[in-house]
Amino acid sequence: MTRQRAALRGRRLPPRIGAAQHDCLLFPDCTTADSMSADTPLSPPDLSHIAPREQAEILAQALPYIRKFHGKTLVIKYGGNAMTDPELQQDFAEDVVLLKLVGMNPVVVHGGGPQIDEALGRIGKKGTFIQGMRVTDAETMEVVEWVLAGQVQQDIVGLINHAGGKAVGLTGRDGGLIRARKLRMRDRDNPETEIDVGQVGEVAAIDPSVVKALQDDQFIPVISPIGFGEDNAAFNINADVVAGKLAEVLRAEKLLLLTNTPGVLNKKGELLTDLTASEIDAMFADGTISGGMLPKISSALDAAKSGVNTVHIVDGRIPHAILLEVLTEQAFGTMIRSH
Ligand code: ADP
Ligand code: MG
């Protein structure tokens, strides 16, 4: 049985399940989670063994989800390996276009950590992170802006357009979308102390009018997480933070954060299929959550508390992860709940 077919069968995962086991439920051909490493080449999908009648049946099963989410906004943070593997890129673009064509409003916010690191390496600089935030001096900011807005965003726009959609790239400057201010980051180990991470911003305000205008006109917005301050200075904002705030302001139905792990893992490396605010506090306190997962979970929780109905951290290494989450019964990744 191919993994695509298995994925389409719509089995619900049990409430708490280990990471390796989780991956193998979605991919019955695999033996361990390791076999789903980012380096594993994905074989091209072959659906010829599925009879047309069965294919029609599968499509019909998406109907309740299409009805439920018609006209609703879905904010998708596109990051991790799903952004670098060509086949996963293609799957991502097809998923976004399909959702738009069946009447939903996908809004893409992209990251670009690996691409920024590569560009920094070319000028002999090494990226450093504190509490999941990239330390951003003036030179790094120039690289961040150039890579995100000039390269990554335009690549995504091209991918979506190639898949038959009409994508439009935006930064926070366009239409006054994202107003930022310098992030005042507290030291987690010593909360009285602030850590200066340079031109890293936090969202001061979002004016969603440009996104709404594009949505209404059949366009798919693709947003680079760069905000602008009072004096027009650029700020590097974590893409998860932008996606979370945007979901809140747009009153999105769903926030999907695509990443490069099966979801949030506990100390034993097992997947936690749902998390509440108090469980998250405990995991912050005992160090289970670190690095890039810190801003991701904080943003996810803020969005859940602000009324975004479904907030999910999902494995972007799974082919068609977005369609699986939106159009099937299949539960995967970690769902973040406010209570
Ligand atoms: P993205 O591009 O998706 O934002 P990040 O590197 O910023 O990727 O964040 C995801 C990373 O967070 C994971 O690859 C993992 O290394 C790290 N991480 C830290 N704590 C956890 C945890 N408890 N569960 C899963 N991942 C975690
Ligand atoms: Mg990150």
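The values are calculated or read from the model by the stated rules, or taken from the named source; none is laboratory data. All values derive from a computational prediction rather than experimental measurement. Please note: Cβ atoms are built from the backbone with ideal geometry, for glycine as well, and neighbour counts cover all protein chains shown. SASA here: full protein model, heavy atoms, side chains in, ligands and nucleic acids out. Shrake-Rupley method; radii C 1.70, N 1.55, O 1.52, S 1.80 Å.
Computed over every Cα-Cα pair of segment 87-227 and binned at 10 Å starting from 0, the pair-distance distribution P(r) comes out as 11, 35, 32, 18, 4, 0 percent. Quotient of the Cα radius of gyration of the chain and 2.2 N^0.38 Å, N being its number of residues: 0.97.
Within 10 Å, count the other beta carbons around each residue, average over each peptide in 269-280, 220-231, and list them highest first. Write out the running numbers ahead of the final one.
Details: 269-280: 17.4, 220-231: 22.4.
Final packing ranking: 220-231, 269-280.
Where only DSSP H runs of four or more residues are counted, the chain gives -10500 deg cm²/dmol as its mean residue ellipticity at 222 nm, each run worth -39500 (n - 2.57). Size estimate for segment 132-177 follows the Kirkwood approach: the inverse of mean 1/r over distinct Cα pairs works out to 12.0 Å. Straight-distance candidates among the lysines for linking to K212, with alpha-carbon spacing under 25 Å and chain neighbours fewer than 8 residues away dropped: K68, K72, K77, K100, K166, K245, K254, K296, K305.
The candidates K268, K68, arranged from most to least accessible area with a 1.4 Å probe in the full protein assembly, appear as K268, K68.
As a fraction of the 1.4 Å probe accessible area of the chain, surface on carbon and sulfur atoms comes out at 51 percent. Using a cutoff of 8 angstrom between alpha carbon atoms and counting only pairs six or more residues apart, the relative contact order for the chain works out to 23 percent. Comparing V143, V96, V107 in a Gaussian network model of the chain (Cα springs below 10 Å), the most mobile by mean-square fluctuation is V143. In percent, how large is the relative contact order of segment 218-339, given Cα pairs closer than 8 Å and 6 or more residues apart? Averaging sequence separation for qualifying contacts and normalising by length gives 32 percent for segment 218-339.
To two decimal places, what compactness ratio does segment 198-339 give when its Cα radius of gyration is scaled by 2.2 N^0.38 Å?
Values: Rg = 15.7 Å, N = 142, 2.2 N^0.38 = 14.5 Å.
Compactness ratio reported: 1.09.
The simple spin-label model puts a point 7 Å past each Cα toward its Cβ; for D117 and E192 those points are separated by 3.6 nm.
Which whole-number value in Å² is the accessible area per residue of the chain, probe 1.4 Å? Don't skip to the answer; put the middle values down first.
Working: 15550 Å² over 339 residues.
Accessible area per residue: 46 Å².
Here the chain carries DSSP beta bridges of which approximately 40% are antiparallel, counting only pairs with both residues inside. When only alpha carbons are used to place a centre, segment 227-306 and segment 86-145 end up 16 Å from one another.
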